[in-house]
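**Student:** Before we start, here is the structure in question, set down as structure tokens.
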Amino acid sequence: MQQSTRATIYVLSLLLSISATSQVGIGTTTPEAALDVKSSDKGILFPRVELSSYTDVSTIVDPRGGSLPPGTFVFNIGASGLAPTGYYLWDGNNWINIKGIRQGDLKYSVQTQDHNGWYLVNGRALNTLPATAQIAASQLGLTSTLPNAADSYLKGKTSTETLASIVGSNSRTLTTANIPSFSANGTTEYDGGHTHPNTTTANNERHGHTWQEKGTTDWFYGKDGSLSVPVFTSSSTRSSGASGSHSHNFNTNPSSHNHTATATYSGAASSFNTKPNSLAVNIFIFLGE
């Protein structure tokens, strides 16, 4: 009876001490915080739970009822859907992994193999992945295969593109529609040699021929056919056959006029590479361990 009384007095004294100081010491009689745990060979084991998602509000509940208070801290063992395993903090809306990693996160790396829940995005079939990774991939909306990120860059999707799909191209081919309007100007020499065709309007146009004989210059007019009309001082008859060889000179006065030139080029319409210099690395997606 006396021993029981002493035990009761001790417990009451301890409770009064805790109440008076508002501090609890484990492994120490002089706590320096609201809860002060000291040990040289033991750790603290936090509640181990199986969270089903980042918004799971049924696995851990407030014993007083109502919403779970922000700041609740647990260790998720990763057996019910939420990965990776590790410590999670409730922020009032979501469970936050203190590592800052979430399923579906992507990273660049020079590593070449899957590691610690990170899987190489190389187009492989989902059924070749571990069961937990398959579940995570399905929750992210991936079907059949992982994307193949080889020779691709990350970009924000448009409203018409499918998430995690490969879009675009690394090469382009120019068309006429891609070329802006422009003018090609050129200049020719003023006296550049060229010809102008001339056609007379009738076959009996009169013209003159010079006939030289014994120092005397006689003129006669010609037309198509024989010519036998004496002119000026000569009394002799001169004639020219219909097919007689002779020449005519045609002169025009210089005047402004235009020349039209057309330049054409037959190209091969080959595409050209648009990729900049890059550092080649691998892309991994986090699907949990």
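The values are calculated or read from the model by the stated rules, or taken from the named source; none is laboratory data. Model, not experiment: these values are computed from the prediction. Every residue, glycine as well, gets a Cβ built from its backbone with ideal geometry; the counts of neighbours run over all protein chains shown.
**Student:** Of the residues that sit in region 80-89 and are within 17 Å of Ala137 (Cβ to Cβ) and among the aliphatic types (A, V, I, L, M), which one is modelled with the lowest pLDDT?
**Tutor:** Ala83
**Student:** Follow-up. Considering only residues that are exposed (fewer than 10 other Cβ atoms within 10 Å of the Cβ) and modelled with pLDDT of 55 or more, which ones fall in region 14-31?
**Tutor:** Ser22, Thr29, Thr30
**Student:** Residue pairs, Cβ under 7 Å, 6 or more apart or interchain, first in region 58-78 and touching a residue at least 40 places away in the same chain (Cβ under 8 Å), second part of a loop (DSSP other than H, G, I, E, B). List them.
**Tutor:** Gly78/Pro84; Gly78/Thr85; Gly78/Gly288; Gly78/Glu289
**Student:** Six or more apart or on different chains, Cβ under 7 Å: which pairs go from a residue in region 161-184 that's farther than 30 Å from Ala137 by Cα to one that's outside any loop (DSSP other than H, G, I, E, B)? Could you list them?
**Tutor:** Cβ pairs passing all conditions: Ser171/Phe272; Ser171/Asn273; Arg172/Phe272.
**Student:** When you go through (1) modelled with pLDDT under 90; (2) touching a strand residue (DSSP E or B) at 6+ places or on another chain (Cβ under 8 Å) one by one for Thr55, which number turns out not to apply?
**Tutor:** Going through (1) modelled with pLDDT under 90; (2) touching a strand residue (DSSP E or B) at 6+ places or on another chain (Cβ under 8 Å) one by one, Thr55 breaks only (1).
**Student:** Next up: Determine which single condition Leu146 fails, assuming it passes every other condition in (1) closer than 24 Å to Ala79 by Cα; (2) surrounded by fewer than 11 Cβ atoms within 10 Å (Cβ to Cβ).
**Tutor:** (2)
**Student:** Of (1) in contact with an Asp or Glu (Cβ under 6 Å, 6 or more places away or on another chain); (2) in the same structural domain as Tyr88 (by TED's automatic domain parsing), Gly65 satisfies all except one. Which?
**Tutor:** The single condition Gly65 does not satisfy is (1).
Residues are listed down the side, and each one gets a yes or a no for (1) assigned by TED's automatic domain parsing to the domain that holds Asn122; (2) modelled with pLDDT of 80 or more:
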site	(1), (2)
Ser152	yes, yes
Leu163	no, yes
Ile166	no, yes
Asn170	no, no
Ala177	no, yes
Phe182	no, no
Thr187	no, no
Tyr190	no, no
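**Student:** Give me the residue from region 58-79 that is in contact with a Gly (Cβ under 9 Å, 6 or more places away or on another chain) and polar (S, T, N, Q) and, out of that set, modelled with the highest pLDDT.
**Tutor:** Here the answer is Asn76.
**Student:** I need every pair where a residue in region 88-111 that is more than 16 Å from Ile77 (Cβ to Cβ) has its Cβ under 6 Å from the Cβ of a residue that is part of a strand (DSSP E or B) and of a type outside the set (A, V, I, L, M, F, W, C), sequence separation at least 6 or different chains.
**Tutor:** Final answer for the pair search is Ser109/Asn282.
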